[in-house]
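*Asks:* First, the structure itself, so that you have it in front of you.
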Amino acid sequence: MTSETITAAAAGTWQLGDLPVNRLGFGSMRLTHLADGSPSDRERVTGVLRRAVELGVNHIDTAAFYFSPLRSANELINRALAPYAEDLVITTKVGPGRGPDGEWWWAEPGQLRGQVEENLRQLGRDNLDVVNLRVPRRETTGSIAEHFGALADLRTAGLIRHLGISNARPDHLAEARAIAPVVCVQNPYGIGSPAEDHAFLDACGKQGIAFVPFFAIAGAGKEAGATAEDGPEVSALAKAQGVSTAQLRLAWTLSRGPHVLAIPGTGNPDHLVENVAAGSLRLTAEEVALLNAL
């Protein structure tokens with residue numbers, strides 16, 4: 001696949017509320033450190049962010065809790081891209097918090113405003129385009145009404161433009177929608193996900209809600225990144241297409257529906273170009289069905 005001239009527009013577009021975005025976006029989690037935990041090169045990763053925007057990426061996913069001892073994803077975005085282009089949509093998430101020592105904690109409803117204001121300060125924004133409420137444990141978390149209601153109040157106050165939920169179940173979505181409009185669901189999802197995750201993705205599409213997978217490339221590797229071995233079906237199909245398995249995974253992700261957005265992250269400029277180029281790859285119905293069945 002020739003990738004140098006392909007832009008994010010090749011993946012098509014979707015509306016996050018009233019905000020149009022190209023469906024191939026960028027995730028900032030991997031900007032702050034290398035795979036071995038050492039700090040990323042500041043100039044390199046700010047260059048990656050600027051190149052992403054040059055390639056038509058206008059949807060960036062981030063969070064205040066994406067930081068390492070020397071790097072903050074939000075502040076890297078601010079340094080690289082401010083003053084921001086009018087069409088750039090920055091999505092962040094709240095709920096988890098991390099102390100200076102890296103220890104995790106979960107915000108109570110009354111603490112969410114502080115997390116929103118932390119994102120505003122780091123990004124240098126007067127309001128946030130989209131804020132996702134991150135659910136702590138998808139399988140066991142009960143009602144999210146009090147937390148989501150607190151964010152809805154901040155939306156009414158003008159600090160947030162649109163709301164979403166992350167790591168959530170269908171009943172969480174129904175509960176949130178009864179409180180305020182929801183423009184996106186951001187969940188772990190990729191080739192090999194269980195049937196209930198496929199069904200939730202489809203249900204979001206029927207409701208006009210964007211579905212934004214994370215770990216679409218990494219799969220079972222999660223935060224550690226892509227696993228060393230892809231299954232034989234994935235590897236064989238990628239070889240037949242003349243693309244990497246990461247590009248194939250992204251193309252399959254986008255094939256799941258016009259409401260599905262991709263947010264692959266990287267600190268490598270070459271990988272960035274390859275990821276953006278994956279938005280132009282079109283799989284046949286037979287290829288999609290093969291990957292769906294894995």
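The values are calculated or read from the model by the stated rules, or taken from the named source; none is laboratory data. Since the structure is predicted, the reported quantities are computational estimates derived from the model, not experimental observations. Cβ atoms come from the backbone with ideal geometry, glycine included; neighbour counts cover every protein chain shown. What goes into the accessible areas is simple: the full protein's heavy atoms, side chains included, and nothing from ligands, DNA or RNA. Shrake-Rupley method; radii C 1.70, N 1.55, O 1.52, S 1.80 Å.
*Asks:* For region 47-63, how many residues meet the condition of being in contact with a strand residue (DSSP E or B) (Cβ under 7 Å, 6 or more places away or on another chain) and over 19 Å from Arg23 (Cβ atoms)?
*Replies:* 1
*Asks:* Condition test on Pro181, is it free of Cβ contacts under 8 Å to residues at least 24 places away in the same chain and either within 30 Å of Pro83 (Cβ to Cβ) or basic (Lys, Arg) (or both)?
*Replies:* no
*Asks:* For region 271-293, which residues satisfy the criterion of being acidic (Asp, Glu) and either within 18 Å of the chain's Cα centre (by Cα) or modelled with pLDDT of 95 or more (or both)?
*Replies:* Glu274
*Asks:* A follow-up question, please. Report whether or not Arg113 is more than 20 Å from the chain's Cα centre (by Cα) and at negative phi. Outline the logic, then answer.
*Replies:* Details: more than 20 Å from the chain's Cα centre (by Cα): yes; at negative phi: yes.
Criteria met by Arg113.
*Asks:* Is it fair to say Arg30 is outside any loop (DSSP other than H, G, I, E, B), at pLDDT below 95 and open to solvent by 50 Å² or more (accessible area, probe 1.4 Å)? Before the answer, list the steps.
*Replies:* On the way: outside any loop (DSSP other than H, G, I, E, B): yes; at pLDDT below 95: yes; open to solvent by 50 Å² or more (accessible area, probe 1.4 Å): yes.
Yes: the conditions hold for Arg30.
*Asks:* Now for a separate question. From the set of residues in region 72-102 that are at pLDDT 95 or above and part of a loop (DSSP other than H, G, I, E, B), which is most open to solvent (accessible area, probe 1.4 Å)? Lay out the reasoning, then the answer.
*Replies:* Step one: of region 72-102, the residues at pLDDT 95 or above are 72-96.
Still in the running and part of a loop (DSSP other than H, G, I, E, B): 82-88, 95.
Numbers: Ala82: 44, Pro83: 124, Tyr84: 48, Ala85: 50, Glu86: 191, Asp87: 91, Leu88: 15, Gly95: 4 Å².
Across region 72-102, the extreme among qualifying residues is Glu86.
*Asks:* Separate question: Restricting to region 103-126, name every residue that is loosely packed, with under 15 Cβ neighbours inside 10 Å, in contact with a helix residue (DSSP H, G or I) (Cβ under 8 Å, 6 or more places away or on another chain) and within 17 Å of Arg161 (Cβ to Cβ).
*Replies:* Correct list: Asp126 only.
*Asks:* For a quick check of your reading: which helices (runs of 4 or more DSSP H) sit entirely within region 232-281 and have at least 2 residues that are under 29 Å from Leu76 (Cβ atoms)?
*Replies:* Output list reads 245-255, 269-277.
*Asks:* Could you list all residues from region 41-71 that are within 18 Å of Gly164 (Cα to Cα), out of contact with any Phe, Trp or Tyr (no Cβ under 6 Å at 6 or more places or on another chain) and not in a loop (DSSP other than H, G, I, E, B)?
*Replies:* If the condition is that a residue be within 18 Å of Gly164 (Cα to Cα), out of contact with any Phe, Trp or Tyr (no Cβ under 6 Å at 6 or more places or on another chain) and not in a loop (DSSP other than H, G, I, E, B), then His59, Asp61 are the ones that fit.
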